[in-house]
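Have a look at the structure below, then the notes.
The values are calculated or read from the model by the stated rules, or taken from the named source; none is laboratory data. Source: prediction; values computed, not measured. Note that we place each Cβ from the backbone using ideal geometry, even for glycine, and neighbour counts take in every protein chain shown. Only protein heavy atoms, including side chains, enter the accessible area calculation; ligands, DNA and RNA are left aside. Shrake-Rupley method; radii C 1.70, N 1.55, O 1.52, S 1.80 Å.
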Amino acid sequence: PAPFALAEICGRPVVALARPSSAVPHAVQELVLLDLNRREPRSPPALIARSRAFFDVSLASLSGGALLAYVADHRTWARSIRCARP
């Protein structure tokens with residue numbers, strides 16, 4: 001599976017997505033946050049977690065940040081994301 005979720009966080013479009021950690025067959029997956037308006041195209045996305053597989057990802061905007069929830073390793077996880085202070 002390769003779930004993803006989109007939301008506007010801190011005024012910027014962001015995607016949370018699961019992707020393989022490498023091109024090796026059966027590689028573990030990474031859950032990453034990627035700013036779709038990033039200025040530096042080669043800047044790495046924020047790594048959130050690693051798992052054998054992610055089955056669901058949800059991203060919800062909140063005042064001052066967001067809530068990220070995902071299902072992996074037969075458990076449901078959630079993390080808060082805060083906007084950087086200027």
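Assorted remarks:
- Taking the Cα centre of the chain as reference, the dipole from Cβ charges on Lys and Arg (+1) and Asp and Glu (-1) amounts to some 220 debye.
- Both radii come from the Cα set of region 23-64: Rg as radius of gyration, Rh as Kirkwood radius; their ratio Rg/Rh reads 1.03.
- Rounded FRET efficiency, nearest 0.05, which uses the C-beta distance separating residue 12 from residue 55 and R0 of 30 Å: 0.70
- Kirkwood Rh and Cα Rg combined as Rg over Rh, evaluated for the chain: 0.98
- For the chain, the fraction of 1.4 Å probe accessible surface lying on carbon and sulfur atoms is 55 percent.
- Loop-resident trypsin sites (Lys or Arg not before Pro) (DSSP state other than H, G, I, E or B) in region 23-86 with no more than 11 further Cβ atoms inside 10 Å of their Cβ: 39, 42, 52.
- Stretched out straight at 0.36 nm per residue, the stretch from residue 85 to residue 24 would grow longer than its current Cα-Cα span by 18.1 nm.
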